[in-house]
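These notes are about the structure you will find just below.
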Amino acid sequence: MITLRSILFNVAFYANLIIRMIVLTPIYFLMPRKAAYAIPKAWAKSSTWLMEKIVGTTFEIEGLENIPKGSYIFAPKHQSFWDTFALLPYLDDPVYILKRELMWIPLFGWYAGKQRMIPVDRSARGKVMFDVLKRTREELATGRQLIIYPEGTRRPPGAEPVYKYGIARMYRDLGIPVVMVAMHPGLFWPRRTFRKYPGHLKVRILPPIEPGLDPDVFFARLIEETERASDELLVETIADNPHLPIPPTAARRLAEIGKAKVAAAAV
């Protein structure tokens, strides 16, 4: 049944995306930019609804009260395609820094262009990165929120964290709070497979790190607080969803957490 439901969901998910983009394109491009954001946000809500009804995956968000008003950096864990869209409805006016090649995709690139997403050539240095920072400041000056995945790419649940120092530079240069987000959507929507799994997913939004810290201090705190919350959620999620297949990375991390608890209790 999981295979059948996964196939049905994948068909419905991409049909929902393509049909909405085609049918709503004229309306989207006639609307003011920020008002037009309602269209991709509605798509995000409909996609999580489809996942609930077809696959049986529900989710809840803890800590919405930790989201500040105005501009901030939103820094979630990145494990799945799910976390690229599911939280959009809960943010006011988010902006992404994304690979410039994505802007070349028909329809998607046009949608992203209207929302003034910031393309970047990841192989570039120097002036190009200076221009990206300048564009980012311009967008944040209007009260927008910058979404950055601190690890840069999708990582399987429980994998050893590999955080990129670029977020510490952005924190220093932009002078705005950073909101950390722990979650394990990769247990329900794993990368590199079409299979999706039923269950209940928790998203935990942590209290923000306020601006003004030394970048190295900030970076260490970001990793420590995010990973501590991720470990807690990994244990909770597996306990609440015992039917889930546990990837090797998550199994190893659970064993490490268990050993650490035993050692702490023995002290």
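The values are calculated or read from the model by the stated rules, or taken from the named source; none is laboratory data. Model, not experiment: these values are computed from the prediction. No Cβ is skipped: glycine too gets one built from the backbone with ideal geometry, and neighbour counts run over all protein chains shown. The accessibility values were calculated without ligands, DNA or RNA, using every heavy atom of the protein model including side chains. Shrake-Rupley method; radii C 1.70, N 1.55, O 1.52, S 1.80 Å.
Think of each Lys and Arg Cβ as +1 and each Asp and Glu Cβ as -1; about the Cα centre, that makes the dipole of the stretch 29-144 roughly 540 debye. Applying Stokes-Einstein at 37 °C and 0.692 mPa s to the Kirkwood radius of the stretch 1-122, computed over alpha-carbon pairs, gives a translational diffusion coefficient of 206 µm² s⁻¹.
Distant-in-sequence amide contacts of ASP93, defined by a placed amide H-H separation under 5 Å and a gap of 5 or more residues or a different chain, comprise GLN145.
The dipole here belongs to the chain: it is taken about the Cα centre, uses +1 on the Cβ of Lys and Arg and -1 on the Cβ of Asp and Glu, and is about 940 debye.
Taking every DSSP beta bridge that has both ends in the stretch 1-265, the antiparallel portion is near 20%.
Apolar share of the accessible surface for the stretch 1-265: 63 percent from carbon plus sulfur atoms, 1.4 Å probe. What you get for the stretch 186-267, charging only the Cβ of Lys and Arg (+1) and of Asp and Glu (-1), is a dipole of about 620 debye around the Cα centre.
Overall, the ratio between the Cα radius of gyration of the stretch 138-213 and 2.2 N^0.38 Å, rounded to two decimals, is 1.33. Remark: the stretch 78-90, residue by residue, has Karplus-estimated 3J(HN,Hα) of 10, 10, 8, 4, 3, 6, 7, 10, 5, 8, 3, x, 9 Hz, where x stands for each Gly or Pro and the curve is 6.51 cos²θ - 1.76 cosθ + 1.60 at θ = phi - 60°. With contacts taken as Cα pairs under 8 Å at a separation of at least 6 residues, the stretch 1-110 carries a relative contact order of 31 percent. Protein heavy-atom accessible surface, 1.4 Å probe, per residue over the chain: 50 Å². Amide H contacts of LEU98 (H built 1.01 Å from N, in plane; Pro and chain starts excluded): ILE118, VAL120 sit under 5 Å, all sequence-distant by 5 or more or on other chains.
Along each principal axis, taking the top coordinate minus the bottom one, the Cα set of the chain gives 62, 50, 35 Å in descending order. Between the residues LEU244, ALA36, GLY63, the greatest Cα displacement towards the positive end of the dipole of the chain, with unit charges on the Cβ of Lys, Arg, Asp and Glu, is found for ALA36. Of THR84, LEU98, GLY143, which is farthest towards the positive pole of the stretch 1-265's charge dipole, taken about the Cα centre with +1 and -1 on the beta-carbons of Lys, Arg and Asp, Glu respectively? So the residue furthest toward the plus end is LEU98.
Peptide packing for 172-184, 38-50, 144-156 was compared via the average number of neighbouring C-beta atoms within 10 Å per residue; ordered from the highest value, the list is 172-184, 144-156, 38-50.
State, as an integer percentage, the relative contact order of the stretch 121-219 based on alpha-carbon contacts under 8 Å between residues 6 or more apart. Taking the mean separation of contacting Cα pairs over the length of the stretch 121-219, I get 25 percent. Protection proxy ranking, highest mean first, for peptides 185-192, 15-22: 185-192, 15-22, where packing is the per-residue count of other beta-carbon atoms within 10 Å, averaged. 3J(HN,Hα) along the stretch 54-65: 8, 8, x, 9, 10, 8, 9, 10, 9, x, 4, 5 Hz, from the Karplus curve 6.51 cos²θ - 1.76 cosθ + 1.60 with θ = phi - 60°, whole Hz, x for Gly and Pro.
Take every Cα pair under 8 Å in the chain that's 6+ residues apart, average their separations, divide by the length, and report that relative contact order as a whole percent. Across the chain, relative contact order equals 25 percent.
Rounded to the nearest whole Hz, the Karplus-based 3J(HN,Hα) values (6.51 cos²θ - 1.76 cosθ + 1.60, θ = phi - 60°) of the stretch 193-202 follow the sequence 8, 7, 6, 10, 10, x, x, 10, 9, 10, with x at glycine and proline.
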